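As structure tokens, the structure follows; a few thoughts come after it.
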Amino acid sequence: MQAFELLSKTIQPLGPKDPVARALDLMDELHAPMLPVVAKGRLVGLMKEEAALNSNDPSATVEKLMDQVEIPYVRDRQHLYDVLKLMARRNLYLVPVLDMNGRYLGTVGGQELVRHMAALVNAEEEGSVVVLDMARNDYALQQIARIVEDEGARIMSLYCSNTPDSTRMEVTLKINREDISAILKAFDRFDYTVRTTFQGSQVESDLRDRYEGLMRMMRM
């Protein structure tokens, strides 16, 4: 999934000559702590709520307070992961998207990104989650998939996360079956360490709570 497919239908850019009061009204309406600033189809700045609230000049315009240095953006053909990486590294609520000629196309907002990530990992599909703990050198996707498939199940999504300051990693599997007792026994036979599981309705409740929590954070 590429950045141009993630564009928000609700986030509107500001213009440099817009009064700060309009910027604050729009941020409040969109529950957004920042907005892109666009002039003649070009991204020229990023207006942050903090700067607007700290202004003592009631006649100030957006161009006087907006950030103009190192404005974050992605290109339209960059992957969802690139958008997510930029958001995480720069602690951003949104990321502007430009085409290859530098023209502003729109913005990817945090809420849209969370929804697409939920779809990417099949968060709303019924099933169970298994978290494996292993040494990084022991990771073998083909073997993990074969263990699950030999029990008549299927991996709907998989992601890996390294343990900081360690040579170990966690592998999280979303499996399309609520009863995974046979799969857990199979992992045990192959000497895999199962750190934790979320089965059936438990995983649906847990994923729903995490999703709703992320959405609340994005609206803050």
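Remarks
- Under 5 Å, built H, 5+ apart or other chain: amide partners of Arg195: Val131, Leu132, Asp133
- Calculated Rg and Dmax of the Cα atoms in Å (choose from (i) 17.2, 58; (ii) 19.8, 60; (iii) 22.0, 71), label: (iii)
- Charge tally for Ala52 (other residues, Cβ to Cβ under 12 Å; Lys, Arg +1; Asp, Glu -1): -4.
- Angle of helix 201-219 to the longest C-alpha principal axis of the chain, folded into 0 to 90 degrees and rounded to 10: 10°.
- Stretch gain in nm, segment Ser55-Ala88, where the contour uses 0.36 nm per residue and the Cα spacing is subtracted: 9.1 nm
- Using C-alpha pairs below 8 Å separated by at least 6 residues, the relative contact order for the chain is 19 percent.
- Computed over neighbours whose Cβ is under 11 Å from that of Asp138, the net charge equals 0, Lys and Arg +1, Asp and Glu -1.
- Gained length - Met100 relative to Arg77, 0.36 nm times residue gap less alpha-carbon distance: 7.4 nm
- Within the stretch 3-118: Cβ-based charge dipole about Cα centre, in debye rounded to nearest 20 (Lys, Arg +1; Asp, Glu -1): 380 debye
- Annotation: aspartates and glutamates with alpha-carbon distance below 20 angstrom to Lys185 (same-chain offsets under eight excluded): Asp133, Asp138, Glu149, Asp150, Glu151, Glu170.
- Against the chain, whose longest principal axis comes from its Cα atoms, helix 141-150 is set at around 60 degrees.
- Once both labels are positioned 7 Å from their Cα atoms along Cα-to-Cβ, the gap between His31 and Met117 label points is 1.6 nm.
- Spin-label proximity, Arg195 to the stretch 116-130 - amide N less than 17 Å from point 7 Å beyond Cα toward beta carbon: 129-130
- GNM flexibility winner over the chain from Pro36, Pro164, Pro72 (Cα, springs under 10 Å): Pro164
- Extending 7 Å from Cα along the Cβ direction at Ser166 and again at Leu24 yields two label points whose distance is 4.7 nm.
- Among Ser181, Ser166, Ser128: highest mean-square fluctuation, GNM of the chain, C-alpha pairs under 10 Å: Ser166
Bear in mind that the values in this text are calculations on the coordinates, not laboratory data. Here the structure is a predicted model, which is why all the values come from computation and not from measurement. Note: ideal-geometry Cβ built from the backbone for every residue, glycine included; neighbour counts use all protein chains shown.
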